[in-house]
Amino acid sequence: MIPVNSVLQVGQFPDIMQMEIDKRLSATKMPDPKSKPPEGSFTAIITRSNTQIPQGLLEQLPSVGLVATCGVGYDNLPLDYLKASGIKASNTPGVLNDAVCELAIGMLFSLVRRIPEAHAFVQNKAWSKGLFTVTSTLAGKRVGIAGMGRIGQDLAKRLEPFKVKIAYTGPSPKALTYDYYPDLKSLANASDVLILACPATPETDKMVNAEVLDALGSSGYLLNIARGSVVDEGALLVALQQKKIAGAALDVFENEPNPNPGFLILDNVLLTPHIGSATTETRQLMTNLAIDNLEAFYNQQPLLTEVIN
Ligand code: NAP
């Protein structure tokens, strides 16, 4: 049982998520995390992974014992402060794999087969004047996955029927049949498609740099469904402009919702507005898992999906 008026809802929530919240609890809304918190004695926060929770906000809410975020990524939480203050945090892993993997596969084919341009080609009646460019087949390609966690492994399974050879990198090898590369550059060198599915951490910050892009090479594609911070966007822009790689599909950016304008004018990129988990079904599941964590907290039960800090 979640006590009335005990939960502060921080950040903007799409209608589909708000409906789920309103069904199960009465939360006080604080759309702007940088504003002054409303009056009340809040003991938990519900938020979204795209919302940055400032340490200063938590300092003004000394009774808060849990921050429940909707999303896997918790890079927008002040982890050091949470840990030092004994505040718990939870996220919503697993329930969004389907939506993120489906988007990743859609983006991959859209990029390699140039589906958005093909659509525009027909729509603009360019077809009557000539043939659309010949593209590339995914089958037979080597796909490298950086971040073989829940999403990475789910994506690998879904890619296998497309007749690709899968390899991966990460902090350590896993009990998987795919080839393991100890570092990103060697994985890029052995890949035609490099997919990013790792978290945003100090270790992954800008780990896709000019050297990695050179290793991927002029026929290589990059797909980023992880976080914008994982890619050195300056280096990626140069690589795309100079055709050092064949193309990139990006769902996430360093500066959301205003990505570097350099990307907007290139014809070898496919851009989506951070919509990996943005389906009705998945957003409902994410919101309910966040609320399940709140319930566990108030019932003094172990959290279902606690963030290990
Ligand atoms: P996960 O299960 O925690 O998997 C993350 C994987 O990344 C783990 O296997 C981890 O290795 C690995 N990793 C950690 N550091 C790495 C490094 N330096 N290089 C390569 N791999 C590294 O998380 P998930 O559920 O798969 O989600 C992954 C990320 O996707 C999230 O953190 C989030 O940022 C992003 N995401 C994006 C969207 C979107 O809308 N585009 C939606 C959901 C999630 P270990 O197993 O050894 O720890």
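The values are calculated or read from the model by the stated rules, or taken from the named source; none is laboratory data. Just so we're clear, the structure is a prediction, and the values are computed from it rather than from any experiment. Counting neighbours? That spans all protein chains shown, and the Cβs are built from the backbone with ideal geometry, glycine included.
What is the one condition in (1) closer than 30 Å to L266 by Cα; (2) within 16 Å of the ligand (Cβ to nearest atom); (3) free of Cβ contacts under 8 Å to residues at least 60 places away in the same chain; (4) not aliphatic (A, V, I, L, M) that K157 does not satisfy?
(1)
Name the residue that is surrounded by the fewest Cβ atoms within 10 Å (Cβ to Cβ), counting only residues in segment 157-194 that are aliphatic (A, V, I, L, M) and not in a loop (DSSP other than H, G, I, E, B). Working first, answer last.
Initially, segment 157-194 is screened for residues aliphatic (A, V, I, L, M), giving 159, 164, 166-167, 175-176, 184, 187-188, 190, 193-194.
Checking which are not in a loop (DSSP other than H, G, I, E, B) leaves us with 159, 166-167, 184, 187-188, 193-194.
On the way: L159: 22, I166: 22, A167: 20, L184: 25, L187: 24, A188: 24, V193: 24, L194: 28.
Once the filter is applied, the top-ranked residue is A167.
Considering only residues that are without any contact (Cβ under 8 Å) to a residue 12 or more places away in the chain and closer than 16 Å to S110 by Cβ, which ones fall in segment 122-133? Break it down stepwise before answering.
If we filter segment 122-133 for residues that are without any contact (Cβ under 8 Å) to a residue 12 or more places away in the chain, which is where we start, we get 122-131.
V122, Q123, listed by residue number.
May I ask you to list the residues in segment 267-281 that are of a type outside the set (A, V, I, L, M) and more than 11 Å from the ligand (Cβ to nearest atom)?
Within segment 267-281, D267, N268, T280, E281 meet the criteria.
Considering only residues that are of a type in the set (S, T, N, Q) and in contact with a Leu (Cβ under 8 Å, 6 or more places away or on another chain), which ones fall in segment 275-292?
From segment 275-292, those of a type in the set (S, T, N, Q) are 277, 279-280, 282, 284, 287-288; that's our starting set.
Result: S277, T282.
Table: residues versus (1) within 23 Å of L237 (Cβ to Cβ); (2) within 15 Å of the ligand (Cβ to nearest atom); (3) at pLDDT 95 or above.
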site: T137; (1), (2), (3): no, no, yes
site: G144; (1), (2), (3): yes, yes, yes
site: Y181; (1), (2), (3): no, yes, yes
site: L187; (1), (2), (3): yes, yes, yes
site: D192; (1), (2), (3): yes, no, yes
site: L196; (1), (2), (3): yes, yes, yes
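Among the residues that make up segment 195-209, is at least one of them surrounded by fewer than 20 Cβ atoms within 10 Å (Cβ to Cβ), of a type outside the set (D, E, K, R) and within 19 Å of A104 (Cα to Cα)?
Among the residues of segment 195-209, at least one is surrounded by fewer than 20 Cβ atoms within 10 Å (Cβ to Cβ), of a type outside the set (D, E, K, R) and within 19 Å of A104 (Cα to Cα), which makes the answer yes.
Do we have P116 as touching a helix residue (DSSP H, G or I) at 6+ places or on another chain (Cβ under 7 Å), in contact (Cβ under 8 Å) with a residue 60 or more places away in the chain and under 28 Å from L303 (Cβ atoms) here? Before you say what the answer is, go through the steps one by one.
Working: touching a helix residue (DSSP H, G or I) at 6+ places or on another chain (Cβ under 7 Å): yes; in contact (Cβ under 8 Å) with a residue 60 or more places away in the chain: yes; under 28 Å from L303 (Cβ atoms): no.
Against the criterion (touching a helix residue (DSSP H, G or I) at 6+ places or on another chain (Cβ under 7 Å), in contact (Cβ under 8 Å) with a residue 60 or more places away in the chain and under 28 Å from L303 (Cβ atoms)), P116 does not qualify.
From (1) crowded, with 18+ Cβ neighbours inside 10 Å; (2) without any contact (Cβ under 8 Å) to a residue 40 or more places away in the chain; (3) away from the ligand (no atom under 12 Å from the Cβ), pick out the condition that doesn't hold for A248.
Going through (1) crowded, with 18+ Cβ neighbours inside 10 Å; (2) without any contact (Cβ under 8 Å) to a residue 40 or more places away in the chain; (3) away from the ligand (no atom under 12 Å from the Cβ) one by one, A248 breaks only (2).
Mind counting the residues in segment 282-299 that are of a type in the set (A, V, I, L, M), away from the ligand (no atom under 16 Å from the Cβ) and in contact (Cβ under 8 Å) with a residue 60 or more places away in the chain?
2
For segment 160-179, what are the residues that are within 11 Å of the ligand (Cβ to nearest atom), over 26 Å from F253 (Cβ atoms), in contact (Cβ under 8 Å) with a residue 12 or more places away in the chain and not aliphatic (A, V, I, L, M)?
Residue satisfying the conditions is K174 alone.
Within segment 273-287, can you find the residues that are under 19 Å from Q12 (Cβ atoms) and buried (at least 17 other Cβ atoms within 10 Å of the Cβ)? Break it down into steps so the answer makes sense when it comes.
Filtering segment 273-287 for residues under 19 Å from Q12 (Cβ atoms) gives 273-280, 282-284, 286-287.
Across segment 273-287, the qualifying residues are H274, G276, S277, A278, T279, T282, R283, M286, T287.
What about I21, is it within 16 Å of the ligand (Cβ to nearest atom), over 24 Å from A200 (Cα atoms), in contact with a helix residue (DSSP H, G or I) (Cβ under 7 Å, 6 or more places away or on another chain) and not acidic (D, E)? Full working, then the answer.
Working: within 16 Å of the ligand (Cβ to nearest atom): no; over 24 Å from A200 (Cα atoms): yes; in contact with a helix residue (DSSP H, G or I) (Cβ under 7 Å, 6 or more places away or on another chain): yes; not acidic (D, E): yes.
Considered against the rule, which asks whether it is within 16 Å of the ligand (Cβ to nearest atom), over 24 Å from A200 (Cα atoms), in contact with a helix residue (DSSP H, G or I) (Cβ under 7 Å, 6 or more places away or on another chain) and not acidic (D, E), I21 comes out as no.
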